[in-house]
Amino acid sequence: MKILSVEQLYEADRITIENQNISSTDLMERASYKVFQWIHERLQDSQINIHIFCGVGNNGGDGLVVGRLLIEHGYNVNMYVINFSNNRSKDFLINYDRIKSITKKWPVLMKGKSDYPTIDKEDIVIDAIFGIGLNRSPGGWVKNLIQFLNKREAFKLSIDIPSGLFANKPITDAEAVLLADHTLTFQVPKLSFFLPETARFVLSFEILDIELDIDFIDKSAPLAQLISKYEAQTYYIHRDRFGHKGTYGHTVIIGGSYGKIGAVTLATSTAFRIGAGMVTAVVPKCGYSILQTSVPEAMVLTDDEDNFLTDIQLNFEPSAIAIGMGLGKNQATVKGLKVFLKSVKAPLVIDADALNIISENKELLELIPKNSILTPHPGELKRLIGDWKNDYDKIEKAKSLSKEREVILIIKGAYTITVFGDSLYINTSGNPGMATAGSGDALSGVIAGLLSQSYKPLEATVFGVYMHGSAGDIASGQMGYESIMASDIINNISEAYMDLFTHPEYDNNEEPGANEAEDI
């Protein structure tokens, strides 16, 4: 699913109005009816107090339409117009007049704190103050109103986007953003829903299809692509009935040092689980018995050194390589990595200490092969690209490194982002339980194992991140977030493959977590 910019969404509105021969008021009615329908299908008590806070722009117009429809269906509705400006949009005014035609209980014109209503925890608050057109953070009494609403225990539902949140730029005042329990967003999700600094204002969301022009959306270059099960299915490569272990490639996992052989063990096991035909681990001598015992399916090559790697070279050409897990930063290892990067030909995943060594020896950046996949955790990412001012700055710096070095870069998080040039792929699988030691080693093994099976680097990364997260989701369903270990993720990769095609995809208008707001 595409994530579009504010400018693209406004253009989609314009083209839809033109091509469907409708008015902007008709389009507002259509979108707002979808919001009303969502509420009407879930509301258990028609006498519950519903408070709708409307701005004076088009988002406020949406709120007025929703309020009118709720009133017409017998709901107890209290409406408030946030009078922060004398400028009203045309569609706001049209729908304000329509409210007047059906009720004598006209919207309260709010001008300050004295107009704040009493809101009980059993009530519902519908936020229609600001939409995606907001260009600066609310201030003054409007900011105070948002803070007042945030302190209320009532269920808060935002239309399109929580008020005060920008769709695709950083917030400037977190205290002026409404904390929504649920958001009903129009047509496509917004980029801010998936970034750590802003996603906290969108606890869950659903997408309402308001039938914007599909040709325009299909042809638009997105800010990002959202990867859920449907998209992951398109990446999957079906196995050849007559394939053999050579068909599915030979993965090499290079890493380990004294006390850190577990990282290589996890990556090696994961490469097998994701489907590599053969896997060889390259480790210092201290890792030999551990690997042979823990993963008897694997072949093991050892360095002459007992406790760390020195000579990182292969006398054969593997299908793919992952390097760095538990590697350490001994000076002999640094020299060995430099020699390795100069000679490597196979598709490459670079992780953990290999990235740390590169960060401390920037000249090694020049040696990274094109289309290599870099899988840093947040600390390693910061060492690679430098500090960032906000999530959007982080993304831009990641894009710069990706374009400069022609590599694929992963930004790990609740919604892991794959960066390739200017393209972003935002993953929807995964959960907080995956914040555990070894999870990143497993991800590197997943991607390297897919590369060995002839997945192209970008496909292996995007699909691998999804499968890794899906396995984590299955593990969390079995044991809860707190008890997940990296080995649980690895052991559920087989279930993630089964889940990819045997369980239905989320409804097109629904994202993970949406059902948290099923009944209000």
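Some observations on this one:
- Residues that are in contact with a helix residue (DSSP H, G or I) (Cβ under 6 Å, 6 or more places away or on another chain), open to solvent by less than 60 Å² (accessible area, probe 1.4 Å) and without any contact (Cβ under 8 Å) to a residue 60 or more places away in the chain, drawn from segment 300-344: Val300, Phe308, Leu309, Thr310, Ile312, Val334, Leu337, Leu341
- Enumeration of residues in segment 259-277 that are β-branched (Val, Ile, Thr) and surrounded by fewer than 24 Cβ atoms within 10 Å (Cβ to Cβ): Ile261
- Residue check, Gly139 in contact (Cβ under 8 Å) with a residue 12 or more places away in the chain and either in contact with a Phe, Trp or Tyr (Cβ under 8 Å, 6 or more places away or on another chain) or within 24 Å of Met28 (Cα to Cα) (or both): no
- Of the helices (runs of 4 or more DSSP H) lying entirely inside segment 395-510, the ones with 3 or more residues being farther than 23 Å from Asn371 by Cα are found at 457-479, 486-491, 493-502.
- Selection from segment 148-174 of residues that are touching a Lys or Arg at 6+ places or on another chain (Cβ under 7 Å), open to solvent by 10 Å² or more (accessible area, probe 1.4 Å) and over 21 Å from Gly133 (Cβ atoms): Glu153
- For segment 421-434, the tally of residues that are open to solvent by 30 Å² or more (accessible area, probe 1.4 Å) and over 15 Å from the mean Cα position of the chain (by Cα) stands at 1.
- Hey, Leu364 closer than 21 Å to Leu314 by Cα and not in a loop (DSSP other than H, G, I, E, B) or not: yes
- For segment 218-227, the tally of residues that are crowded, with 19+ Cβ neighbours inside 10 Å and part of a loop (DSSP other than H, G, I, E, B) stands at 1.
- All positions within segment 345-361 that are touching a helix residue (DSSP H, G or I) at 6+ places or on another chain (Cβ under 9 Å), open to solvent by 10 Å² or more (accessible area, probe 1.4 Å) and in a loop (DSSP other than H, G, I, E, B): Pro347, Asn361
- Within the span defined as segment 199-207, one or more residues are of a type in the set (D, E, K, R), closer than 30 Å to Lys389 by Cβ and open to solvent by 20 Å² or more (accessible area, probe 1.4 Å).
- Per this entry, Asn491 is not counted among residues that are in contact with a helix residue (DSSP H, G or I) (Cβ under 7 Å, 6 or more places away or on another chain) and modelled with pLDDT of 95 or more.
- Hits in segment 209-258 - residues which are among the small types (Gly, Ala, Ser) and either without any contact (Cβ under 8 Å) to a residue 60 or more places away in the chain or within 30 Å of Ala167 (Cβ to Cβ) (or both): Ser220, Ala221, Ala224, Ser228, Ala232, Gly243, Gly246
- Residues of segment 353-379 classified as among the hydrophobic types (A, V, I, L, M, F, W, C) and closer than 16 Å to Gly464 by Cβ, total: 2
- Qualifying residue in segment 412-420 (condition: free of Cβ contacts under 8 Å to residues at least 60 places away in the same chain, surrounded by fewer than 20 Cβ atoms within 10 Å (Cβ to Cβ) and under 21 Å from Asp441 (Cβ atoms)): no
- Extreme residue, nearest to Asp97 (Cα to Cα), among residues of segment 11-26 that are in contact (Cβ under 8 Å) with a residue 40 or more places away in the chain and surrounded by fewer than 20 Cβ atoms within 10 Å (Cβ to Cβ): Thr25
- Those strands (runs of 3 or more DSSP E) lying entirely in segment 149-217 with at least 2 residues among the aliphatic types (A, V, I, L, M): 155-159, 205-208
- Pairs, first of a type outside the set (Ser, Thr, Tyr) in segment 30-42, second in a helix (DSSP H, G or I), C-beta under 6 Å, six or more apart: Val35/Val66; Phe36/Val66; Phe36/Leu69
- Residue check for Ser454: open to solvent by 10 Å² or more (accessible area, probe 1.4 Å), closer than 24 Å to Glu231 by Cα and touching a Phe, Trp or Tyr at 6+ places or on another chain (Cβ under 9 Å): yes
- Filter result (open to solvent by 10 Å² or more (accessible area, probe 1.4 Å), hydrophobic (A, V, I, L, M, F, W, C) and outside any strand (DSSP E or B)) within segment 278-297: Cys286, Ile290
- Any hit, segment 236-258, residues being open to solvent by less than 10 Å² (accessible area, probe 1.4 Å), in a loop (DSSP other than H, G, I, E, B), hydrophobic (A, V, I, L, M, F, W, C) and within 20 Å of Leu500 (Cβ to Cβ): no
- In segment 377-411, the residues that are in contact with a helix residue (DSSP H, G or I) (Cβ under 8 Å, 6 or more places away or on another chain) and of a type in the set (Phe, Trp, Tyr): Trp388
- Scanning segment 375-411 for residues being in contact with a Lys or Arg (Cβ under 8 Å, 6 or more places away or on another chain) and touching a residue at least 60 places away in the same chain (Cβ under 8 Å) gives a total of 3.
The values are calculated or read from the model by the stated rules, or taken from the named source; none is laboratory data. Predicted model, so just to flag it, every value in this text is computed and none were measured. Note: ideal-geometry Cβ built from the backbone for every residue, glycine included; neighbour counts use all protein chains shown. SASA here: full protein model, heavy atoms, side chains in, ligands and nucleic acids out. Shrake-Rupley method; radii C 1.70, N 1.55, O 1.52, S 1.80 Å.
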